[in-house]
1. Got a sec? Which helices (runs of 4 or more DSSP H) wholly within the range 90-190 have at least 2 residues that are modelled with pLDDT under 80?
2. State which residue is farthest from residue 183 (Cα to Cα) when the search covers only the range 194-233 and only residues that are charged (D, E, K, R) and assigned to a helix (DSSP H, G or I).
3. Find all pairs meeting these conditions: Cβ atoms under 9 angstrom apart; at least six residues apart or on different chains; first residue within the range 234-247 and under 13 Å from residue 178 (Cβ atoms) and in the same structural domain as residue 180 (by TED's automatic domain parsing); second residue surrounded by 11 or more Cβ atoms within 10 Å (Cβ to Cβ) and modelled with pLDDT of 80 or more.
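The values are calculated or read from the model by the stated rules, or taken from the named source; none is laboratory data. Quick caveat, the model's predicted, so the values are computed rather than measured. Positions of Cβ are generated from backbone atoms using ideal geometry, with glycine treated the same way; all protein chains shown enter the neighbour counts.
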Amino acid sequence: MRVRESKDLLAREELITRYLPLVKSLARRFASRGQSVEDLIQVGSIGLIKAVDRFDLDRGVELSTYATPTILGEIKRYFRDKGWAVKVPRALQDLNVRLNRIMEQLTVELKRSPTMAELAAATGVTEEEVVEALESGRAYSSVSIYSGGSNDDEESLELLDCLGAEEGAYEVFEQRRVLAPAMERLDPRERLILHLRFFEGMTQTQVAARIGISQMHVSRLIRKSIDNLRQFMAEDEALVREARARDEGNL
């Protein structure tokens, strides 16, 4: 063969081009596994090149027969190494592949889906390992949060639309939890003025009429109360940091 004997690069290129349809045909077998067919063709082409470089006419087989296992091997290796959305240990990947093959065989033989115990016996592993390997198969592909529903309706919700959002009330609750001890340190009139102004939404004029003081006095008391709250909260935060530091030092 000219490729092996004389290193004829033109003959090598011609052979690769001639057998590319074989690569494309084999790659399309895996089109439903979530990987781009174009990527699979490129990977399969590597297998074809290896087969062309190693092929020997003395073997007495056609190049297509010799190249097919090499091409399939490259494609399967690609799926094994790079086709998983989440990294899964190689042992679990291999067991998952074996289980899928054995499940098909047992389903045909038993005319029903095999049980975990039957799968464990057929593969020589424990039922726990069977469950773990089958669960790991879910890491093989991921779903984009921008993917739509199962129907063709253009207005169908995307997965992103179904994801929960952070509840804004949690932040308000946290703020009030931190604020409450500081509020307790104000005198009753100051607490009442802040409550009317900021919790009930009354204007300073309305607060003044309710309390029986001038609007200017209300304004001064609000500024004073807010300054005191800042100071009280800073003091409380300092006490928390000191307590945390003591606890860490005792560990």
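1. Correct list: 90-110, 127-136, 159-162, 168-184.
2. Ranking the candidates gives 210 first.
3. Matching pairs, first to second residue: 235/182; 236/181; 236/182.
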